[in-house]
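> Here it is, the structure in full.
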Amino acid sequence: MSETAPARRGPYAKSAERRLEIIESATAVFSEHGYRGGSLRQIAKQLDLGLTTVMHHFPTKVSLLAAVLEQEDAADADFDDRARRDGLIPTILGTVERNLGRRELVRMFSIVSAEATFPGHEAHDWLRRRYAQVTADYARLIAHDRDAGRIRADGDELTLAGLVITGWEGIQVRWLADDTDPVAAMHAMLTKILQPTAENHEGRAGPPSTPSGTFDDSLHN
């Protein structure tokens, strides 16, 4: 009986592997040199590829940055499960603590988010989709915590989620600018907006857990 020949990887699998290699290299380059200091040429050189090969997968640096940030989000895929188990407040605080060690990634997210607010920017649609998705996710988690008796915040869940996200981004920018403690600032903001119940104050619904994977978010999640 003859042995079955191993299945050949198709072009799509090879293309996906190449994209992942480029994203991983970009993460390292951007983290070391910053978004503006890193370049597609550096990334190509690190992988021993031609610049045209990199640009075939990511025509612009901002499209590659978006892929890096999305990959970071995907690495924290159990954020929703942890938030339902421990509560949204301690889970967010755990992510903020994690981001203390990812300063350049947080900086890059802040830069591309600001630039992409312009409707003609190539990352504008990506940014709008991201805000819509994260806001919807947080609204569901706020509703879950309210039903579980963890928080007593009044108001529409989408509005509350939007306030959390907007406040988080402002706190991150302040941290990047002058090292204002983002964990303490986030704790104060979340307490004010979501109003944890007495038994869940200070995150007693569960200690801030370190994500196994990103700045929710993560960079927001």
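The values are calculated or read from the model by the stated rules, or taken from the named source; none is laboratory data. What you are looking at is a predicted structure, and each value in this text was computed from that prediction instead of being measured. Glycine also receives a Cβ, built like all others from the backbone with ideal geometry; neighbour counts cover every protein chain displayed. Remember, those area values only see protein heavy atoms, side chains included, never the ligands or the DNA or RNA. Shrake-Rupley method; radii C 1.70, N 1.55, O 1.52, S 1.80 Å.
> For the stretch 73-95, give me each residue that is open to solvent by 10 Å² or more (accessible area, probe 1.4 Å), out of contact with any Ser or Thr (no Cβ under 7 Å at 6 or more places or on another chain) and assigned to a helix (DSSP H, G or I).
Ala74, Asp80, Asp81, Arg84, Arg85, Ile89, Leu93
> Just to be sure, is Gln46 over 23 Å from Arg128 (Cα atoms), open to solvent by 30 Å² or more (accessible area, probe 1.4 Å) and either in contact with a Ser or Thr (Cβ under 8 Å, 6 or more places away or on another chain) or β-branched (Val, Ile, Thr) (or both)?
On the way: over 23 Å from Arg128 (Cα atoms): yes; open to solvent by 30 Å² or more (accessible area, probe 1.4 Å): yes; either in contact with a Ser or Thr (Cβ under 8 Å, 6 or more places away or on another chain) or β-branched (Val, Ile, Thr) (or both): yes.
Yes: the conditions hold for Gln46.
> Still on this structure, I have one more. Considering only residues that are open to solvent by less than 30 Å² (accessible area, probe 1.4 Å) and outside any helix (DSSP H, G or I), look in the stretch 116-143 and name the one that is farthest from Gln195 (Cα to Cα).
Checked the stretch 116-143; the qualifying residue farthest from Gln195 (Cα to Cα) is Ala123.
> Checking Trp168 against (1) in a helix (DSSP H, G or I); (2) within 30 Å of Pro59 (Cβ to Cβ); (3) among the aromatic types (Phe, Trp, Tyr), only one condition comes out false. Which one?
Every listed condition holds for Trp168 apart from (2).
> Out of contact with any Cys (no Cβ under 9 Å at 6 or more places or on another chain), aliphatic (A, V, I, L, M), closer than 22 Å to Val68 by Cα and open to solvent by less than 50 Å² (accessible area, probe 1.4 Å): which single residue out of Val183, Val112 fits that description? Give the derivation first.
Numbers: Val183 fails: closer than 22 Å to Val68 by Cα.
Just one listed residue meets the conditions, Val112.
> Which residue pairs have Cβ atoms closer than 6 Å, lie 6 or more positions apart in sequence or on different chains, and pair a first residue in the stretch 96-115 that is in a helix (DSSP H, G or I) with a second residue that is of a type in the set (Ser, Thr, Tyr) and open to solvent by 40 Å² or more (accessible area, probe 1.4 Å)?
Between residues of the stretch 96-115 that are in a helix (DSSP H, G or I) and residues that are of a type in the set (Ser, Thr, Tyr) and open to solvent by 40 Å² or more (accessible area, probe 1.4 Å), the close pairs are Glu104/Ser31.
> Of the residues Glu21, Glu70, only one is over 20 Å from His121 (Cα atoms) and open to solvent by 60 Å² or more (accessible area, probe 1.4 Å); which? Please lay out each step first, then the result.
Details: Glu70 fails: over 20 Å from His121 (Cα atoms).
Only one candidate passes the filter, namely Glu21.
> Hey, another quick one. Given the condition at pLDDT below 90, of a type in the set (Gly, Ala, Ser) and within 27 Å of Leu141 (Cβ to Cβ), answer yes or no: does some residue in the stretch 47-67 qualify?
yes
Residue-by-condition table, conditions (1) farther than 17 Å from Pro196 by Cα; (2) not polar (S, T, N, Q):
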{"position": "Asp76", "(1), (2)": "yes, yes"}
{"position": "Asp86", "(1), (2)": "no, yes"}
{"position": "Glu104", "(1), (2)": "yes, yes"}
{"position": "Ser113", "(1), (2)": "yes, no"}
{"position": "Ile151", "(1), (2)": "no, yes"}
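> Oh, and also: Within the stretch 50-65, is there a residue that is open to solvent by 30 Å² or more (accessible area, probe 1.4 Å) and within 30 Å of Asp178 (Cβ to Cβ)?
Yes, the stretch 50-65 contains at least one residue that is open to solvent by 30 Å² or more (accessible area, probe 1.4 Å) and within 30 Å of Asp178 (Cβ to Cβ).
> Determine, yes or no, whether Arg152 is over 18 Å from Trp175 (Cβ atoms), surrounded by 14 or more Cβ atoms within 10 Å (Cβ to Cβ) and among the charged types (D, E, K, R). First the steps, then the outcome.
Details: over 18 Å from Trp175 (Cβ atoms): yes; surrounded by 14 or more Cβ atoms within 10 Å (Cβ to Cβ): no; among the charged types (D, E, K, R): yes.
Taking the combined requirement at face value, the residue does not satisfy it.
> Which of the following residues is open to solvent by 30 Å² or more (accessible area, probe 1.4 Å) and either modelled with pLDDT of 95 or more or part of a loop (DSSP other than H, G, I, E, B) (or both): Leu190, Leu163? Spell out the reasoning first.
On the way: Leu190 fails: open to solvent by 30 Å² or more (accessible area, probe 1.4 Å).
Result of the check over Leu190, Leu163: Leu163.
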